[in-house]
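Each remark here refers to the structure printed beneath this line.
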Amino acid sequence: MTQRSLGNGNGNSSIPSTFLLSGITGQEHIHIWISIPLCFTYLASILGNCMVLFIIKAEPSLHEPMYLFLCMLALTDLGLSLCTLPTVLGIFWVGAQEIHRDACFAQLFFIHSLSFLESSVLLSMAFDRFVAICRPLHYASILTNTVVGRIGLASLGRSVALIFPLPFMLKRFPYCGSRILSHSYCLHQEVMKLACADIKANSIYGMFVIVSTVGIDSLLILFSYALILRTVLTIASRAERLKALNTCVSHVCAVLLFYTPMIGLSIIHRFGKQAPHLVQVLMGFVYLLFPPLLNPIVYSVKTKQIRDRVARAFCNQLGL
């Protein structure tokens, strides 16, 4: 790749028009084979989340707060899959590593906005479980459809407002060194490392965003489950205790699927500079591919209404 192809066409190499996405460095000869499981993963993620949305829309019995929040989760996961799919498959299918600077900034905006939106949705689902178990008699009056809608809009507004400054903060930098990003998509912490300027403000703001979203949300989720556990332990019947806890299993799995790789990737980017490149790449794929893939499976397995609807759909297709 020549310097000319990386420039902006006016001879000013400090403001590149493109960046290079690296894929899996050193494994370019098997990129086409890696693309096969990646493609199936994306297809499964998209079909799974679309299936959840369709089932909840088609089943009037599922028009409840718990499932409305699940719709928000499915939409967020669908968005994450769709905004990373073009660059990832472009690299592994046809070696399309170049991405325009503005397209890169737009992609990182959507990736980070949707990631923090998912954190907000998981917190909302924890609140739903808290009200259902700790305030069951007031559940219908507290979590009305209007309240659920307002929670969804507030979550979206917070995510967009916090991430909106990042593309503009990156756009003001000169980029006079390497143009190579270490992932198959654009992330704020990766792009800002390429700037040949003081990135302290971006680093501080990025940490502020993480603490004010993922940090606060995770603490509130832990606090809600502490209250849930305290309430469950007061239930005399062991069967009733298990039944109450069973309604939380799907949400706990979704929380672990989301926060574990996200925290791991953030730690590697900020403190694990000596970590092998392959570890960073794999953590990046786990962070963005696994939650959208596994969340529909978890909720389909653990939610009887969704499981029964899927079973009926397959039986109808098979003529049983």
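The values are calculated or read from the model by the stated rules, or taken from the named source; none is laboratory data. Note that this is a predicted model, so its numbers are computed, not measured. Cβ coordinates were reconstructed from backbone atoms using ideal geometry, including for glycine residues, and neighbour counts include every protein chain displayed.
For L194, the conditions (1) buried (at least 18 other Cβ atoms within 10 Å of the Cβ); (2) at pLDDT 90 or above are fulfilled apart from (2). Among the residues of segment 145-187, those that are in contact (Cβ under 8 Å) with a residue 40 or more places away in the chain and either out of contact with any helix residue (DSSP H, G or I) (no Cβ under 9 Å at 6 or more places or on another chain) or in a loop (DSSP other than H, G, I, E, B) (or both) comprise F164, P174, Y175, C176, R179, I180, S182, H183, S184, Y185, C186, L187. Is it the case that some residue within segment 185-195 is more than 20 Å from the chain's Cα centre (by Cα) and aromatic (F, W, Y)? Scanning segment 185-195, I find no residue that is more than 20 Å from the chain's Cα centre (by Cα) and aromatic (F, W, Y), so the answer is no.
Tell me the residue from E190, E240 that is touching a strand residue (DSSP E or B) at 6+ places or on another chain (Cβ under 6 Å), of a type in the set (D, E) and assigned to a helix (DSSP H, G or I), please. I'd like the intermediate steps shown before the answer.
Values: E240 fails: touching a strand residue (DSSP E or B) at 6+ places or on another chain (Cβ under 6 Å).
Only one candidate passes the filter, namely E190.
When residues in segment 6-50 are screened for being modelled with pLDDT of 80 or more, in a helix (DSSP H, G or I) and β-branched (V, I, T), 5 of them pass. The set of residues in segment 80-101 being under 26 Å from S119 (Cα atoms), out of contact with any Ser or Thr (no Cβ under 8 Å at 6 or more places or on another chain) and in contact (Cβ under 8 Å) with a residue 12 or more places away in the chain consists of L82, C83, L85. Residues of segment 119-169 that are at pLDDT 95 or above, surrounded by fewer than 12 Cβ atoms within 10 Å (Cβ to Cβ) and of a type in the set (A, V, I, L, M): L153, A161.
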